[in-house]
């Protein structure tokens with residue numbers, strides 16, 4: 001019987017969802033609609049999966065539950081393949097409820113009508129309909145809307161084709177790999193490549209990462225008049241942005257950013273590294289109004305994540321909202337991704353490839369060597385053949 005959101009065991013739901021997302025199997029109580037009890041039948045075992053569908057009429061009510069969702073769908077009309085069990089039309093809702101409750105749950109029609117008028121309809125108006133505003137996607141006509149369903153299925157398939165870490169962290173973006181991108185990665189990882197070619201192909205990859213990162217900035221709709229006198233409706237990108245490079249490898253990414261955003265302000269952060277945990281902020285020079293800007297943080301390698309945490313923490317102390325930071329790099333080690341995404345879940349990370357991991361010396365493998373030395377020509381032959389960050 002639905003009177004309000006208090007009728008649900010939200011704490012148990014949160015616990016179950018958390019375990020499933022961590023890859024653990026759960027046992028879910030099976031509710032008996034005749035006795036209104038959840039201990040009549042044995043619990044149902046649910047195993048973890050790549051795709052978990054949580055359906056229910058009040059799943060958007062609690063913000064903690066919404067936070068655990070990667071995609072929120074509000075279906076106006078429910079059919080056999082449904083996510084939400086209600087209709088935009090009250091008559092349809094009532095007819096389907098009568099058919100379900102009398103046929104599947106063995107209830108008397110008088111009881112169904114009484115429950116509907118006293119609890120179901122008021123609850124829909126007071127608790128369910130207002131949660132529509134939290135949905136990422138609203139599907140009119142429910143399961144009959146095949147176009148909308150196909151789009152959702154395609155989106156899920158795209159997500160499943162991404163790196164496993166992208167399935168864990170919705171704020172991690174790996175640019176789609178092509179033979180061109182794989183070819184450029186092959187070249188810059190070759191210890192015998194010339195400095196000229198290393199710089200050339202690194203710049204090409206950096207440009208792709210920068211342009212992908214810019215695509216995650218907010219935008220507004222804008223109309224312009226074309227040379228033919230026609231109206232074109234497009235977008236106008238955010239103009240309040242700046243770059244911040246982590247000296248000195250990050251400086252290799254500045255030219256690509258300037259090529260995409262003329263006149264952009266670029267700040268500097270210098271972090272001294274001694275081993276794995278000896279991170280120390282040495283120098284910073286940032287725009288005075290950086291707290292009012294979206295920040296593109298530049299560092300080609302995400303290894304342990306300690307330097308990134310230092311840099312991001314500094315930006316936040318300067319007043320930059322966490323959600324306004326986009327971290328751009330060429331390659332990322334899983335360890336660094338875990339560290340940064342867990343500590344700063346609202347920033348975005350854009351990279352071109354996820355590595356195998358770190359070796360005993362905390363160097364990225366397979367890696368591409370000391371990027372700054374190779375890019376700026378301050379390495380030697382021996383350093384070139386040692387795979388490191």
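We did not get these values from a lab; they are worked out from the coordinates using the rules stated. If you're wondering where the values come from, they're calculated on a predicted model, not measured in any experiment. Backbone-built Cβ (ideal geometry, glycine too); neighbour counts: all protein chains shown.
Modelled this way, with points 7 Å down the Cα-to-C-beta line, the labels at residue 117 and residue 9 are 3.4 nm from one another. For 201, 41, the sequence from fewest to most other C-beta atoms within 10 Å is 41, 201.
Based on alpha-carbon atoms, the Kirkwood radius and the radius of gyration of the stretch 272-377 give Rg/Rh equal to 0.96. The simple spin-label model puts a point 7 Å past each Cα toward its Cβ; for residue 338 and residue 108 those points are separated by 5.9 nm. When the P(r) is computed for the stretch 14-66, the part past 19 Å accounts for 39% of the Cα-Cα pairs.
Available extension along the chain between residue 136 and residue 323 is 65.5 nm, counting 0.36 nm per residue and deducting the alpha carbon span.
Among 307, 117, the order by Cβ neighbours within 10 angstrom, fewest to most, reads 117, 307. Of the residues 251, 11, the one with the fewest other Cβ atoms within 10 Å heads the list, and the complete ranking is 11, 251. With N counted as the residues of the stretch 162-384, its alpha-carbon radius of gyration over 2.2 N^0.38 Å works out to 1.04. At an R0 of 41 angstrom, the distance between the Cβ atoms of residue 45 and residue 359 translates into a FRET efficiency of 0.55.
Classify the stretch 245-331 from the C-alpha gyration tensor, please: rounded if a/c falls under 1.5, else prolate or oblate depending on whether a/b exceeds b/c. Oblate shape, in that a/c is at least 1.5 and b/c is the bigger or equal ratio.
All C-alpha pair distances within the stretch 191-270, sorted into 10 Å bins from zero, spread as 15, 36, 28, 14, 6, 1 percent across the bins.
The protection proxy used here, the mean number of other Cβ atoms lying within 10 Å of each residue, ranks peptides 348-359, 284-295 as follows, highest first: 348-359, 284-295.
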